[in-house]
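Read the structure below first, then the notes.
The values are calculated or read from the model by the stated rules, or taken from the named source; none is laboratory data. Nothing here was measured: the structure is a model prediction, and the numbers come from that model. No Cβ is skipped: glycine too gets one built from the backbone with ideal geometry, and neighbour counts run over all protein chains shown.
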Amino acid sequence: MTELFRSDNDEAQERRVAPRFLTMTDIRLCVFLVVISLMTWLASRSGNSGSAWHCRVVSIASSRTVDRVFSTIPASPLEVSGRLGTSTLEWDKMGRVRFIASPCPHHVCIGQGWTSPPFSVACVPNGILVEFPSRHPNDPDGISR
């Protein structure tokens, strides 16, 4: 009996297909963005792995300048003589560096913590600079906080 009261609108509603969440254009766009992201990530990783790790430690003690260049991560800790005395530097396995001891009055250099390449860390009163020379012209010279 219920079939007798069915209208054409009811049949049309049953035949209606729910709208798709993603169209083919959406799927193509997502795949394109994922491929571009992976290519960019791989290019950035290969650029860093091809270049050697370099670190330069500069000490301005009285009238002479001592410049040491390392092509591998130095054995930690490293003691460097400066104007006020000896500062101690420490490197970790990822190539980051920090001051762990310094004779400077306010110990700002110690408070800077770990510094990663390509950024520099310095103990200005003691005249010690640790820098990672850039191999790419677009790397920033420094960032202030």
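Yes or no, residue by residue, for (1) part of a strand (DSSP E or B); (2) touching a Cys at 6+ places or on another chain (Cβ under 7 Å):
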| residue | (1), (2) |
| --- | --- |
| ALA75 | no, no |
| VAL80 | yes, no |
| GLY95 | no, no |
| CYS104 | no, yes |
| CYS109 | no, yes |
| PRO125 | no, yes |
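Residue by residue through the range 56-80, note down the ones that are farther than 13 Å from VAL130 by Cα and at pLDDT below 85.
Hits for the range 56-80 are ALA61, SER62, SER63, ARG64, THR65, SER71, THR72, ALA75, SER76.
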